[in-house]
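As structure tokens, the structure follows; a few thoughts come after it.
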Amino acid sequence: MGIPRGRRWLAMAVAALLATVAVVVIVYRVLAPAEVSTVARGDYPAAARPAAGVVGRLPVAPLIVDGRLRVYAAHRQVYADQPVDGRYRNSPFWSYRRWPAELTGVVASGSVVVSRWSDGQLVALDAPTGRVRWKADGPKPAGSEAKVRRTGAATVWDPRGLHLTNLPDGRTVVVVSGDAEARGVELSAGRELWRVDLPGGCRTDVGTTAAGELVGLDACAGPATVEFRDAATGAVRERWRPPGGPDELMVTPLGCQTGRSSCSALRTAGPGDAGGRGWLVGAGEPVAAPALDPAGATVVGEQVVVVLDGVAVGRSARTGTELWRSTDLGTARVLAAQPGRVHLLTEANDLVTLDPATGRQLSRFPLKVGRDGAGWAPGAVAAEGGYVAVERLRRPVDPDGDDESYYLTPEAVILAAT
């Protein structure tokens, strides 16, 4: 006997309802906000001490953390590998992924890695384990973010609107800003210290100073003005313009510990200025530093290093007095700097590392690996913990080209120990 017609319709309706519920559950599980934290299963590695030279070739830009790990950025993931001097990228030591938010910035201090996401959330991870230490709400990133290519260098080496700075009392503050708001968060526990409203797109972040301030460029009303905001309270301590400076102003941070964080100097320039004017920044008003005026000059501690007419010259940042000069480099340019080291790149792509205080050569070697050769142009650069990482670009450089034509090889980042 067949199933009565009424029961058959009832069975079909129940089956359709169950199918609909199953689809809804699947869609929810796929699309619902989620996070996946895969913590470390091994011990925290010891700091490596590799000999000077090229140590690795990587497809993505590494952030060197605590001298022990390399931290990378993906679209919706921040992850680490080790050893820090590994020749290739290895399986993740730990990983943290969020959905549907996108990763927009990463900074690190000591053994704490702070990630920023497109919904504004800050997530601090413990570098030895990958475990979440704290979470905090922050303003959503500004709409005009830097272009992020496949290496993720803009996310880990130059995250816009995400900075670190140290206060005089020893605390480290994460300063995060968007179009309309900025906040200061204590690094150790994620406690919010302050939040302030910002005027919008007419004001931009420059970076933070080593003296515990957020530097911004305000062009909202009248000539562009540099503001120094106390990272402990969020209050504007000073508004400043370079004497005789143009109404339109560009400000570049110099002598930064990493990215645009904890910087010791600024360069101001107007439209068409070849170099500009250099300034040391500290607790008071910026102090003119003419030794920093030439384009390409950088400051490392108390010394300025610049290449002039093919000669590397070291000067006192405060007095401009010449301290040393190195005439045996050939054609070179200042590539990057970090405490106790200044890195120059020669025309043949040799990486030369000098002591900025004395000019003594610490290391020199060709910046090439395998059969890739040295016929490339440098892109984004980071220097941290004695290491230098450089993007290698295809010549001639096409800034508007796709990644395949922009980078020299799929493993575009070269990592060297100096």
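Worth pointing out:
- Checked against (1) at pLDDT 95 or above; (2) surrounded by fewer than 21 Cβ atoms within 10 Å (Cβ to Cβ), G212 passes all but a single condition, namely (2).
- Any hit, region 369-383, residues being crowded, with 16+ Cβ neighbours inside 10 Å and on the phi > 0 side of the Ramachandran plot: no
- Within region 367-381, the presence of a residue that is more than 23 Å from the chain's Cα centre (by Cα) and modelled with pLDDT of 95 or more is excluded.
- Hey, V236 open to solvent by 20 Å² or more (accessible area, probe 1.4 Å) and free of Cβ contacts under 8 Å to residues at least 24 places away in the same chain or not: yes
- The single residue among S118, S91, S95 that is open to solvent by 40 Å² or more (accessible area, probe 1.4 Å), over 21 Å from H163 (Cα atoms) and in contact with a strand residue (DSSP E or B) (Cβ under 8 Å, 6 or more places away or on another chain) turns out to be S91.
- Elements of type strands (runs of 3 or more DSSP E) in region 122-200, at least 2 residues being over 18 Å from the mean Cα position of the chain (by Cα), closer than 20 Å to D218 by Cα and in contact (Cβ under 8 Å) with a residue 24 or more places away in the chain: 181-186, 192-197
- Filter pass, G320 being touching a residue at least 60 places away in the same chain (Cβ under 8 Å) and either open to solvent by less than 30 Å² (accessible area, probe 1.4 Å) or assigned to a strand (DSSP E or B) (or both): no
- Being touching a strand residue (DSSP E or B) at 6+ places or on another chain (Cβ under 8 Å), outside any strand (DSSP E or B) and among the small types (G, A, S) holds for only one residue in A348, A336, A380, and it is A348.
- Inter-residue pairs, beta-carbon under 6 Å, first within 11 Å of W157 (Cα to Cα) and assigned to a strand (DSSP E or B) and in region 62-81, second open to solvent by less than 30 Å² (accessible area, probe 1.4 Å) and among the hydroxyl-bearing types (S, T, Y), 6+ apart: I64/Y387; Y72/Y79; A73/T155
- Of the residues making up region 34-51, those that are open to solvent by 60 Å² or more (accessible area, probe 1.4 Å) and either touching an Asp or Glu at 6+ places or on another chain (Cβ under 9 Å) or under 24 Å from P378 (Cβ atoms) (or both) number 2.
- Boolean, E102 is over 18 Å from the mean Cα position of the chain (by Cα), open to solvent by 20 Å² or more (accessible area, probe 1.4 Å) and either farther than 24 Å from Y387 by Cα or polar (S, T, N, Q) (or both): no
- Qualifying residue in region 281-288 (condition: touching a Phe, Trp or Tyr at 6+ places or on another chain (Cβ under 7 Å), small (G, A, S) and assigned to a strand (DSSP E or B)): yes
The values are calculated or read from the model by the stated rules, or taken from the named source; none is laboratory data. This one's a predicted model, so the numbers in the text were calculated from it and none came from an experiment. Backbone-built Cβ (ideal geometry, glycine too); neighbour counts: all protein chains shown. In case anyone asks, the SASA skips ligands and DNA or RNA and just uses the protein heavy atoms, side chains included. Shrake-Rupley method; radii C 1.70, N 1.55, O 1.52, S 1.80 Å.
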